[in-house]
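Asker: The structure follows.
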C-alpha cells in the first residue's frame, strides 16, 4: 500500500484533464472534431500509407482513445513507456516509407488534442478557467516533450498564436479530405454521418469550418441541452449506442470506464 501512495502519476487524480478524458461523451466530441480537422492536414497521407485510417476510421478512433487514456490515467513510468512506444511505432512507419514524418505534423496532432479537449468540455460542461486551460496544455506539452518534439511553446497563452499559424500553414483541401469523409459516411451510415458533421461544426475552429465549406448551423446545438438532461436521467448510454454502430458496443462501454 505504501508503494501505491507514493507512486507518481502522469496526471494528478484531481486534474481537470482526468475529468475531461474520463467522460465518454466529451471524448466522442474530441474525436469528432479531430476527425474533421485531420482530414485537412497536409500530412494525412502518412495514415494512407499504412492503410489503417481509410480501412477502419472508427477502429482507428478507438485505438487513439485507448492510447490517450493509457497516458492520462497511468503512472509516470507507465505513461512515459506508452509515449516511447508510440514514437517507436511511428519510427517503424517512417523506416518503411523511407523518410521522416515532419515535426510539424506531430505538433499538429498534439495541438488538436489540446484544442478539442478544451472545446469539447466547454461545449458539454462549462467554461474552463485560464488555470485549467494551462493544466490541459501542460499535460500534452509533457507528452510532446517526451516524444522529442521541438518548438513547443512553454505556456498555453504562448501556444494560442502558434496554433493559429499552424492551422493556416498546415491545412488544405485535398483528395484525402474527400476520401476520408466518404469513408466516414460509409462506416457510419447517412444518419450517423450527419450527426458527425453537426458535432464537428460545434468544436472546430472557424478556419477549419471554412476549409470544409461548413455553415455554422448545427442541429446538435438544439439537441445538446436535451442530452445533458439525459445524462442526469442516466439515459446517455442509450444515446451513445444509437450514435455508433453496434459492432463497437464494447468500445462504447469503455468510454466511461475512467470516470472518477
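Each row is one residue, and each column tells you yes or no for (1) at pLDDT 85 or above; (2) loosely packed, with under 10 Cβ neighbours inside 10 Å.
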residue	(1), (2)
211	yes, no
221	yes, no
225	no, yes
230	no, no
242	no, no
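Asker: Among the numbered criteria (1) modelled with pLDDT of 90 or more; (2) assigned to a helix (DSSP H, G or I); (3) loosely packed, with under 13 Cβ neighbours inside 10 Å; (4) in contact with a helix residue (DSSP H, G or I) (Cβ under 9 Å, 6 or more places away or on another chain), which one does residue 217 miss?
Answerer: Condition not satisfied by residue 217: (2).
Asker: Restricting to segment 18-28, give me the number of residues that are at pLDDT 90 or above and crowded, with 22+ Cβ neighbours inside 10 Å.
Answerer: 2
Asker: Please tell me if residue 162 is assigned to a helix (DSSP H, G or I) and closer than 22 Å to residue 65 by Cβ.
Answerer: no
Asker: Does residue 95 fit the bill of being modelled with pLDDT under 95 and either surrounded by fewer than 13 Cβ atoms within 10 Å (Cβ to Cβ) or within 19 Å of residue 43 (Cβ to Cβ) (or both)?
Answerer: yes
Asker: Would you say residue 125 is modelled with pLDDT of 95 or more and under 19 Å from the mean Cα position of the chain (by Cα)?
Answerer: So residue 125 does not fit the description; no.
Asker: Now a separate question. May I ask you to say which residue of 101, 89 is loosely packed, with under 15 Cβ neighbours inside 10 Å and more than 25 Å from residue 14 (Cα to Cα)?
Answerer: Step by step, each of 101, 89 is checked, and only 89 is loosely packed, with under 15 Cβ neighbours inside 10 Å and more than 25 Å from residue 14 (Cα to Cα).
Asker: Can you name every residue in segment 178-210 that is farther than 27 Å from residue 125 by Cβ and touching a helix residue (DSSP H, G or I) at 6+ places or on another chain (Cβ under 8 Å)?
Answerer: Those that are farther than 27 Å from residue 125 by Cβ and touching a helix residue (DSSP H, G or I) at 6+ places or on another chain (Cβ under 8 Å): 179, 180, 183, 185, 187.
The values are calculated or read from the model by the stated rules, or taken from the named source; none is laboratory data. Since this is a predicted model, take the numbers as computed values, not measurements. For neighbour counting, all protein chains shown are included, and Cβ atoms are generated from backbone atoms with ideal geometry for every residue, glycine included.
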